[in-house]
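Readers should treat all values here as calculations from the given coordinates under stated rules, not as data from a laboratory. From a predicted model like this one, the values you see are computed outputs, not experimental measurements. Neighbour counts are summed over all protein chains in view; Cβ atoms, including those assigned to glycine, are modelled from backbone coordinates with ideal geometry.
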Amino acid sequence: MADLADTIRTFPLFSGLSREDIAKILGRLEEKVFDAGTTVFSQGDKGDSFYFIQSGAVQVVLEGGGGRRESIAVLGPQDWFGEMALLSGEPRSATIITVKDTTVWRLTREAWNELIEKYPTWLLQFCASLSKRLARVEQQYSQGRDAFNSLAEEFYGSRSPEQQQFSRRVSLLTTLDPQTADQLLHTEEAGRFVADLEKSEFPLIRSLEGNRYELHAFFRDFLREKLLKVEGRETEQQLHAQIAAQYEALGDWQQTIHHSLEAQEWSRAAQLLIKHQEELLNGSSPFVKNAVERIPPDHFFAEPHLAHIKARALAHLGDLGGAVRIYKEVLSQRSPGTLIAEAVARYQSMADTLVQKREYAQALTCLRSALTLVEQETGTMGDMTELYRDKASPFSSTISGTGSIWSNLASLFSRSHKDPSLSKWVGGVLGLAVWSYLWFWTPDIGLEPGATKLLGLLSLTLIYWVFWVFPDYGVALIFALGLILTRLGRPEVVLGGFASTTWFMTLGVLGLGAAITSSGLFYRLSLQLVRFFPLNYYWQIVALGFMGMVVMALIPQQSARTAIISQMLVNLSESLGYKNPSKASTGLFVASFLGLGQLGFLFLTGSTTSLIAWGLLPPDVREQFTWGYWFLAALPPTLVVVAIILCSTMFLYRPESKPQVSYKMVQNQLEVLGSLSQKEWITLGVLCFTVVGWLTISYHGIDGAWISLISLCVLINTGVLGWGMLKKGIDWELLIYMGATLSIPILLTQAKIDEWLVGLASPVILPFLDHPALSFIIIALIAYAVKLVFTSFLTVVTLTVALLPLSVDLGISPWIMAMIILVGSEVWFFTFQVDWHTLAYSTTEGKGFSYPLMYRINPFYALAYIVALVAAIPYWRYLGLMG
């Protein structure tokens with residue numbers, strides 16, 4: 001071993017190290033013997049090792065297009081190669097082939113990292129030796145370039161001014177195809193230019209396959225220097241921008257992005273990378289990585305999607321550690337708000353633990369989730385949602401063979417709802433026109449003049465809501481102020497919603513939901529519920545449906561539930577060994593969505609629409625339907641929907657492959673979470689107090705609103721909910737909306753508009769007065785139709801106000817009418833109808849489920865809701881809610 005140590009000390013790389021250091025390093029070197037003509041590694045391979053040549057020789061070969069190969073160097077004993085793999089982690093930049101029988105010492109990346117950590121002096125010696133080698137190469141390069149430039153100057157000076165201009169500009173192209181070059185540069189000089197170069201005795205051009213050519217690197221540099229000198233930097237950038245536009249028309253995204261970056265059009269390059277990331281990553285991950293790295297840091301950090309793309313590119317290249325570092329760097333530049341700060345910190349802590357275990361894939365998932373939460377809070381997810389919405393099929397063509405019809409309808413609704421330049425103007429003009437007609441002309445439609453004016457203001461408000469002319473809560477305030485200023489309503493009545501028990505109930509519930517979400521209790525509960533069931537596909541379908549219903553009772557905001565659960569579902573799918581997305585992974589999401597969004601009517605606090613509907617009920621009915629009684633009345637129809645949907649899910653989304661059962665993912669996450677924190681204990685105690693208080697109202701007589709307000713008070717004063725979390729964790733827009741609109745039923749009753757609406761709806765529903773099942777189906781179908789245009793929220797508000805008076809004629813409790821409307825408002829046929837749904841899609845970057853597969857469950861939901869309503873009739877009669 002001593003002789004070997006002396007031999008290694010003759011290497012320049014080790015010459016400055018002590019014998020003790022060399023002896024320690026020797027233990028990590030692996031001796032490898034290669035026969036002559038053996039390829040040690042190939043250009044583009046993953047860089048994972050560094051080599052020292054003990055004896056023999058190797059040649060360094062560059063591989064170009066069309067199978068072209070060029071030997072650029074020969075290395076012998078005491079030389080080394082592959083060092084850049086250890087420094088940058090990039091793929092191999094050249095191919096190494098042995099010239100004769102060769103013996104090398106191999107040092108792996110893992111061993112390198114450990115040695116550098118233990119012996120930092122070796123890194124200094126390594127860098128010094130590498131610097132000397134680069135200096136020698138640079139000297140040789142400069143000498144060769146000087147000689148080449150004189151040849152290039154001689155050729156360039158013999159050309160006409162037009163040919164000189166073309167040659168300068170063609171230097172911007174990576175490869176030269178005469179026909180394409182003429183199209184890109186708007187000339188007809190390419191053919192003559194190539195012919196002149198081929199006739200020249202100077203080696204200025206290389207022939208590639210397919211009538212394509214490549215300028216010699218020195219010649220291209222020479223021409224670019226001429227371009228800058230003669231035409232200037234601004235012209236060069238303009239030319240790059242023009243070439244980028246031409247390549248974009250040709251559909252060559254790599255060249256488009258390359259020239260956009262050269263033109264310093266950072267936003268354009270970023271948009272192209274985001275839009276075509278799948279195609280680019282599958283075709284050339286190194287290009288994507290290098291392209292993102294060329295974007296300046298300020299633009300990179302301002303566009304979070306680029307971080308996801310760069311991390312994915314590094315993962316494609318096998319550098320999972322580099323992908324982890326990217327996410328950490330981006331997260332360090334973005335400060336999360338108070339509401340999600342703890343959740344983001346938890347994800348980062350989990351990632352750190354997983355990195356220590358070398359489970360980089362799961363660590364990346366955690367960090368991706370953390371960044372996604374930050375993006376959602378700062379409002380950057382809207383663009384991603386639109387991006388993925390563009391990729392999603394508008395409606396599954398598997399449904400009755402009417403895919404094209406549904407597609408056209410979806411496209412029409414999407415444009416009318418989402419195009420600000422069209423939707424807002426159309427809605428603004430239409431709303432003013434209807435209001436003006438009813439306000440100034442006051443036609444005789446069976447109402448008093450004052451009631452007609454109130455109807456006009458209500459119509460204006462409704463139209464503005466539908467077309468998103470202004471924010472929902474802003475339109476609600478316009479409505480309230482309009483009533484007060486025109487004296488159509490007294491302030492204490494119009495704004496009475498802000499003093500109602502419904503308003504305070506909602507405030508307390510939203511505060512409790514924010515605490516459950518931000519403290520981590522929600523995520524812990526979700527993991528425990530999933531872990532409770534056997535970890536196979538069909539049991540997990542049941543588990544996720546059950547989990548969603550339990551979580552729904554605690555948090556009324558669908559977006560909050562969805563954002564945190566979605567990434568957990570991707571982890572679960574991967575733990576079971578399924579591809580993402582696939583039929584199996586989509587089935588897991590369908591099952592979880594059952595509780596997360598589709599059954600919001602089960603609990604009074606299951607969704608904000610349930611709270612709104614409850615607030616619109618008559619006071620005596622609200623008093624009757626406490627949290628517990630609402631649950632008991634809504635449970636049977638819910639169980640029918642659950643049974644139909646879970647069975648349909650198991651049938652529609654049978655896994656393509658056999659699950660590979662593993663509890664590792666869930667166990668790792670629970671291990672990282674550790675024991676309950678102080679905030680979690682407080683939140684859990686407050687949660688138990690609140691639920692027990694709601695269930696025992698008949699004993700203590702305290703209204704549910706004041707119980708939820710007591711809970712909010714405790715959470716605030718124990719520090720669980722700080723002011724920052726109160727601002728961001730509670731949906732104040734919803735509360736403003738509710739406060740300004742809860743008075744609508746009272747105002748309509750005073751103006752007898754409710755009777756007028758009953759007169760309009762009666763011909764459709766009352767003929768089936770003796771057939772409750774048919775009347776329920778018709779009301780549900782009306783809700784389905786209204787939901788095509790309105791959001792769930794507006795569907796519930798509009799139909800509850802319009803149809804609630806009919807409950808007397810039908811002989812049913814107003815609660816049943818509200819329940820039918822709530823159930824009908826949950827159905828969806830198009831992507832834009834469920835914003836929480838698209839949030840889940842964008843949160844998982846489209847990996848969790850695919851829309852063509854997700855659409856399969858929609859007809860089953862539409863049928864299940866109707867079957868459930870009809871099946872509930874005997875039970876509701878038993879409860880005395882209908883005659």
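The table below lists the values:
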item	result
Cβ-Cβ FRET estimate between Asp298 and Ala73, R0 fixed at 56 Å, reported to 0.05	0.90
Net charge over other residues, Cβ less than 15 angstrom from the Cβ of Gly739 (K, R count +1; D, E count -1)	-4
Tail beyond 17 Å, pair distance distribution of the stretch 706-808 (Cα, percent)	67
FRET efficiency, Gln163 to Asp45 (Cβ-Cβ, R0 41 Å, nearest 0.05)	0.45
Cα-Cα over 21 Å, subset of Lys32/Lys100; Lys328/Lys357; Lys752/Lys787; Lys727/Lys847; Lys275/Lys310; Lys424/Lys787	Lys752/Lys787; Lys727/Lys847
Proximal charge balance of Tyr473 [Cβ under 12 Å; K/R count +1, D/E count -1]	-3
Segments 621-627, 695-701, 352-358 sorted - mean Cβ within 10 Å per residue, highest first	621-627, 352-358, 695-701
Protection proxy ranking of 440-446, 719-725 - average other beta-carbon atoms within 10 Å, highest first	719-725, 440-446
Cβ-based net charge around Gln242, under 12 Å, with every Lys or Arg adding one and every Asp or Glu removing one	-3
Extended-chain gain in nm, criterion 0.36 nm per residue less alpha-carbon gap, His316 and Val99	74.9 nm
